[in-house]
Amino acid sequence: MTQPAARAYWITWVMLLALLVLTFALAHVRLGNLNAAVSLAIGAMKALLVALVFMKLRRASTLLAVFAVAGLLALAILFGLSGADYATRATTPAPWTSP
Amino acid sequence: MSEHTLGPAERAWRSETVSLGMWVFLLTEVMFFGVLFLAYFHVRHADPEGFGIASRHVHEWLGTFNTAILLTSSLSMALAVQAASGDDRKRLVRLLAVTGLLGAAFMGVKATEYFLEWKDGLVPGPGFRYSGAHRRTVEEFFFLYFVMTGVHAIHLTVGIGAVAWNALVARRERHVTRREDAIEALGLYWHFVDVAWVFLYPFFYLVLLYK
Amino acid sequence: MSYLTEGFSLRSWLFTKDHKRIGILYAIAITGFFFLGGIAATLIRMELATPAGDLVGADTYNKLFTLHGVVMVWFFLIPSIPSTLGNFLVPLMIGAREVAFPRLNILSWWIYVLGGIFVVLTLVLGGVDTGWTFYTPYSTMFSNSYVVMAAAGVFVVGFSSILTGLNFIVTIHRMRAPGMTWFRMPLFVWSQYATSLILVLATPVLAMTLTLMAVERLWHIGIFDPALGGDPLLFQHLFWFYSHPAVYIMVLPAMGVASEIITCFARKRVFGYKFMAYAILGIAGFGFLVWGHHMFVSGQSIYAGMVFSLLSYMVAVPSAIKVFNWTATLYKGSIEFSAPMLYALGFVGLFTVGGLTGLFLAALAVDVHLTDTYFVVAHFHYIMVGGTVMAYLGGLHFWWPKVTGRMYPETFARVAAVVMFFGFNLTFFPQYILGYLGMPRRYHEYSPDFQLLNVLSSAGASILAVGYLLPLVYFTWSIFRGRRAPPNPWHAKGLEWATTSPPPKDNFDTMPEVPTVPYEYDPREVAA
């Protein structure tokens, strides 16, 4: 299998560490609800970098890419449909339940 | 037939087959961790405020430092895979050693964190001594924290063992290309463990750092 | 020199890397568990012959139906067709010499055995009484039985499923013979592929869910107990995210087997082959979207219930495509009622009844009445026993000459098929009525009003038991005394019939090429 140049790996590593510093710094800034979204988005970017470069998905066959993404689709179903329950469920706490 | 005499077509075919096998395995790992993430969202959604308070009790500097260690280990792992397919035995063994040591360093830091949290009485169960506001959510937070980082640590331990084993085998191998598929698969696994941590890190350490 | 004569030592079997031998190892192991689960079922039906709880007490009864469920689902039905016939046939059918990862394959069998040891240990120590579903909070807070041990068995055996699924996916993608394009693959291989996808996507979810359940039981900290800030319905969501697709793990391979047998003994090409393949994938896909229909009365949001109800109805579409296409395959065929064909036709009929009654249960309002009654029990037994077990036995008969190199006694086999079909319907059809009348499941006593139908059901069960013992006897006999089988006794198409019976160790003496689509049968030629 053809290997990407070492330089690409080093650049990726620098980007990953930069993103790490960025997310750590942004977490200290009050952004309200955005804080969670930002840290999740930066996490996703880091994961994408690792997957595309280190795990070579960038150059991988369609087959490998499909299997790499399939888990996310299945999780989307799990989160989506159980979320549909949680989002619309009417809860009536028992009288003895502490709030 | 000694395997390093395989032609380029067979080498590519075998490499793709082994990679596919590893990707399917990682698919199962994604689902495995997925359950924990669903539980995480459930607890966090139920009491966001208590969840934020709980997150202030973990050591974010240690966590951040550890993330940097793990990301760096992924770099050395990627370079090791490259060395294996370039038939550079010395470089491969050296890079695998670096990778394994970085993994061990991560485990050391993680163990330190666990020890500090144990001393603070934050381990859920009978030894849980936190008694401030949102006690229930704080205990759930630490339950998820220990289970999720614990499952991650188990995966990393397996990875360190496999890296060490491959380094030992490669040392005696005349042509390390014989091992390139195994090391390629090991690399995919290592990077996956890294990716899992990339999500665990903001989920536990960065929830509520601002004042 | 066949794969059976490659070595006779125990070691040459227990540590083999030959997918054919592994298939046989699995067949032996699951047969043992089938009869273990069968004994539990027999005791259940004996207890239910009278309204009073006179044979066993409530606790023992709870442990019996739990044992029956756990063993039959995870140690028989899930591995039944994939791990035995699938292991044996998938490489043969696609023209490969082995599976992609032979060592993982034998490892998966050993993991199965390890999981089986946990379950037997649970039984020896005193059993488990949660039902196969392990619902919280009963399993985590109240049950005084060996819950963790049983869950450990299910956890472990899950990894054997995962390894089998992984192996099949990679094998089917990477090991096909020259010319074996996707739309030249037999439907059995398609069904194994779809099943494998479900296995690798769903099984890890069960494994982690059971782990969390065990942690909560052992340390009283977790995410399912409301008192701790958790949600018991979360367990049900996660459990059924696995266990509903698991139903398709059980029935998709059965559909594959039925397609192979019906086309062969009708001497006609499968009607709408491509639609059959798409329907297999469709069922596997829809299977992930419908789990909430097990939770209609659990306290789940009614809006989510509506979504799940609608999605559940959609599973009927690809399922109906399959039934219609089997029927259309029979139409104007030259049908021979050989033993495998009797089993396959039995499968189609019973699956249809089971599938249609599934629609009743998918309807929100009707389900409120029928939940946790014998209607549900009858419904899923029509799918799993009437469907999967019939097809599994049909497949065993169909490929028996290929696997063992011996012919089974045809008359006995036909008699057994008819006995089973009759016994099955007598056992389970009365349970539909019982459920409709409101008899709840999982009780060892019941109102005397229900006795007549229960006696019929128990009588049917004894006939069914005889039906299941027959093949055990004549198959064993045929291994030693059966007539030698020719390479292709049914004049069937497909690569597995192109090699000797039993096949050589490397499956083919010369590597096969595949010039045409599958199932080139012609009704004008008559089967021998």
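No lab work stands behind these numbers, since they all come straight from the coordinates. As the structure is a computational prediction, the values presented were derived from the model and not from experiment. As a convention, Cβ positions derive from the backbone with ideal geometry for all residues, glycine included, and neighbour counts pool all protein chains shown.
Values computed for the structure shown
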{"read-out": "Sparsely packed chymotrypsin sites (Phe, Trp or Tyr not before Pro) within region A:21-99, loop by DSSP, other Cβ within 10 Å at most 15", "value": "A:Trp96"}
{"read-out": "Point-charge dipole on Cβ atoms (K/R +1, D/E -1) for the protein assembly as shown, about Cα centre, debye to 20", "value": "1960"}
{"read-out": "Computed Kirkwood radius, in angstrom, where 1/r is averaged over Cα pairs of region B:119-192", "value": "15.3"}
{"read-out": "Semi-axis lengths, Å, region C:180-280, gyration tensor of Cα atoms, sqrt of 5 times eigenvalues", "value": "41, 11, 10"}
{"read-out": "For residues of B:12-19, the mean tally of beta carbons on other chains within 10 Å", "value": "4"}
{"read-out": "Low-density loop positions, trypsin sites (Lys or Arg not before Pro), region B:145-210 - DSSP coil, at most 15 other Cβ in 10 Å", "value": "B:Arg174"}
{"read-out": "Chain A: relative contact order in percent, alpha carbon pairs under 8 Å with at least 6 residues between", "value": "23"}
{"read-out": "Fewest-first sequence of B:Arg129, A:Arg58, B:Arg136 by Cβ atoms within 10 Å of each Cβ", "value": "B:Arg129, A:Arg58, B:Arg136"}
{"read-out": "Computed over chain C: relative contact order in percent, which uses C-alpha pairs under 8 Å that are six or more apart", "value": "19"}
{"read-out": "Cα-derived Rg to Rh of the protein assembly as shown, Kirkwood definition", "value": "0.98"}
{"read-out": "Label zone at C:Asp509 (point 7 Å along Cα-to-Cβ), backbone N below 19 Å, region C:96-122", "value": "C:96-98"}
{"read-out": "Acute angle (nearest 10 degrees) that the helix B:89-119 long axis makes with the longest principal axis of chain B, alpha-carbon atoms", "value": "10"}
{"read-out": "Magnitude of the charge dipole, region B:18-162, Cβ model with Lys/Arg +1 and Asp/Glu -1, debye to 20", "value": "320"}
{"read-out": "For residues of C:159-170, the mean tally of beta carbons on other chains within 10 Å", "value": "3"}
{"read-out": "For B:82-93, mean number of other protein chain Cβ atoms within 10 Å", "value": "1"}
{"read-out": "Whole-angstrom gap from region A:25-52 to region C:157-204, using each part's C-alpha centre", "value": "37"}
{"read-out": "Between helix C:187-219 and chain C: long-axis angle, C-alpha atoms, 0 to 90°, nearest 10", "value": "30"}
{"read-out": "Cα long-axis angle, helix A:62-88 against chain A (0 to 90 degrees, to the nearest 10)", "value": "10"}
{"read-out": "Whole-number percent relative contact order across region B:79-211, with pairs defined as alpha carbons under 8 Å at least 6 apart", "value": "36"}
{"read-out": "Cα Rg over Rh - region C:1-89, Kirkwood", "value": "1.20"}
{"read-out": "Residues in region C:100-122 reached by a label modelled at C:Ser12 [backbone nitrogen below 18 Å; 7 Å Cα→Cβ]", "value": "none"}
{"read-out": "Dipole-positive endmost among C:Ala277, C:Val147, C:Leu201 within chain C (Cβ charges, Cα centre)", "value": "C:Ala277"}
{"read-out": "Nonlocal amide H pairs with C:Thr373, under 5 Å, H built at 1.01 Å", "value": "C:Arg441"}
{"read-out": "Sum of side-chain charges, B:Arg136 neighbourhood, beta-carbon under 15 Å (Lys, Arg +1; Asp, Glu -1)", "value": "-4"}
{"read-out": "Relative frequency of Cα-Cα separations exceeding 43 Å in chain C, percent", "value": "14"}
{"read-out": "Rh (Kirkwood; distinct C-alpha pairs) - region C:428-528, Å", "value": "19.0"}
{"read-out": "Placed amide H near C:Arg406: partners under 5 Å, 5+ positions off or other chain", "value": "C:Ala485"}
{"read-out": "Loop trypsin sites (Lys or Arg not before Pro), region C:463-528, which have at most 11 other Cβ atoms in a 10 Å radius of their Cβ (DSSP)", "value": "C:Arg524"}
{"read-out": "Most to least packed among C:102-113, B:58-69 [average Cβ atoms within 10 Å]", "value": "C:102-113, B:58-69"}
{"read-out": "Stokes-Einstein D in µm²/s, Kirkwood radius over Cα pairs - region C:223-269 at 25 °C with 0.890 mPa s viscosity", "value": "182"}
{"read-out": "Translational D in µm²/s for region C:1-155 (Stokes-Einstein at 10 °C, 1.306 mPa s, Kirkwood Rh from C-alpha pairs)", "value": "93"}
{"read-out": "Kirkwood-type radius of region B:38-128, with distances r between different C-alpha atoms, in Å", "value": "15.8"}
{"read-out": "Lys pairs under 12 Å by Cα in chain C, provided they are eight or more residues apart or on distinct chains", "value": "6"}
{"read-out": "Total charge dipole magnitude, region B:103-211, about the Cα centre, Cβ charges on Lys, Arg, Asp, Glu only, Debye to nearest 20", "value": "220"}
{"read-out": "Fraction of alpha-carbon pairs over 21 Å apart in region C:362-431 - percent", "value": "42"}
{"read-out": "Selection from B:Thr157, B:Ala167, B:Tyr130, by position along the positive dipole direction of chain B (Cβ)", "value": "B:Ala167"}
{"read-out": "Once the Cα gyration tensor of region A:18-78 is diagonalised, semi-axes √(5λ) in Å", "value": "28, 16, 5"}
{"read-out": "Whole-percent pair-distance distribution, where bins are 5 Å wide, for the alpha carbons of region B:1-80", "value": "3, 10, 8, 11, 18, 14, 11, 8, 6, 4, 3, 2, 1"}
{"read-out": "Inter-label distance, nm, simple model (7 Å from Cα along the C-beta direction), B:Phe115/C:Lys332", "value": "8.2"}
